[in-house]
Amino acid sequence: MLSEVLTAEEREARRKEQVRAAGRRYYATHREQRNEQRRRRHVDHREEELEIARRYRAGRREELRGKAQRYHAEHRDQVRAYSQQYRAGHRSELQAANRERSRRHYAEHRLECLEWQRRYYAAHADERRAYNQRYHTAKRSELLERARQRFAAHRGEILERQRQHRLTHQEQARARNRRWYTEHREEARQYNASHPKKGKQSCVGCGQPCRSRASEPRCQSCSARYWRGIRHWLYKGGHVRGRGHRMVYSEGRQIAEHRLVWEAAHGPVPKGWVIHHINGIKTDNRLENLMAMPRGEHTRLHTHSVARAARVL
């Protein structure tokens, strides 16, 4: 009887092993087919599965949140150590994956990202500016020292990169100029013909040869005389001299602005007459604030005004 039981157990074990072997062969033969079926089923029912998962999480949100909080509270140090160890061992892989994910997301949603950035910067412009000012003011010396150390550590590499960048852009500029000149050869010839080379033009002021290639060439001395006053690029509307009147340039000479404004409206100031500021503000050179009067009357008017002010004081 015992031999018959053992024989039956052996037969059952042999049968199970045959079933397992047949299952492994079937799975190896139909693995790709089953995976494809799973992928299609997942794609076809993805929204349905997501909706089921959302309803499940919404129904058990507080329970799952409490369970997660309890687990993290009990295993916080263990989880933190594991996370640090994993990040340290896979730092480059994680960084590459994050960069690739960010690149794909930005490529797919570029216009949305740019619009979001524009709205965010417009809404937080003053806040970001104030934060940057506070940060740079508090850490100016630290940032400068860090920049100096970085440059000292990578000086050769930075200089080589700058040189390569400069050479690359020089080659690109030369190639661009060559292409433009090839496409616009006739225009370039006409321009060169209408703009003689340096040393071939005469100064419009004194007639001496000069090296200027401008449409109105001037030598150095004539250019210094011409580009002064109101034509100078630093001219900011004249200057106020000691008596308080604003002086401006007109036709190569200095003139008081209030006289220039009055003469432009009424012609030359009569001899022995002056221009008076009605409200007493010498820089307020509006035409309605200017009035011509004889010099003596103007002197008496200001003398009485000074006397009245002294009596008030």
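Quick notes
- Here is the figure for region 226-258: residues that are at pLDDT below 85, surrounded by 12 or more Cβ atoms within 10 Å (Cβ to Cβ) and assigned to a helix (DSSP H, G or I) total 3.
- All positions within region 259-282 that are over 26 Å from Tyr226 (Cβ atoms) and surrounded by 12 or more Cβ atoms within 10 Å (Cβ to Cβ): Trp262, His266, Val269, Trp273, Val274, Ile275, His276, His277, Lys282
- Near pairs, Cβ below 8 angstrom, 6+ apart or cross-chain, from region 202-217 (under 18 Å from Asn192 (Cβ atoms) and without any contact (Cβ under 8 Å) to a residue 60 or more places away in the chain) to any residue that is in a loop (DSSP other than H, G, I, E, B) and among the aliphatic types (A, V, I, L, M): Pro217/Val204
- Residue pairs whose Cβ atoms lie under 8 Å apart, separated by 6 or more positions or on different chains, with the first residue in region 154-168 and modelled with pLDDT of 85 or more and the second part of a helix (DSSP H, G or I), are Ile158/Phe151.
- Scanning region 268-283 for residues that are closer than 17 Å to Gly296 by Cβ and not charged (D, E, K, R) yields Val269, Pro270, Gly272, Trp273, Val274, Ile275, His276.
- Search result, residues across region 125-144 that are surrounded by fewer than 11 Cβ atoms within 10 Å (Cβ to Cβ) and of a type in the set (D, E, K, R): Asp126, Glu127, Arg129, Arg134, Arg140, Glu142
- Here Glu108, Glu49 are screened, and the one residue that is among the acidic types (Asp, Glu) and exposed (fewer than 11 other Cβ atoms within 10 Å of the Cβ) is Glu108.
- Here Ala122 meets the list (1) at positive phi; (2) surrounded by fewer than 10 Cβ atoms within 10 Å (Cβ to Cβ) almost entirely, failing just condition (1).
The values are calculated or read from the model by the stated rules, or taken from the named source; none is laboratory data. The structure displayed is predicted, hence computed values, not measured ones. Ideal geometry is used to build each Cβ from the backbone, glycine not excepted, and the neighbour counts take in all protein chains shown.
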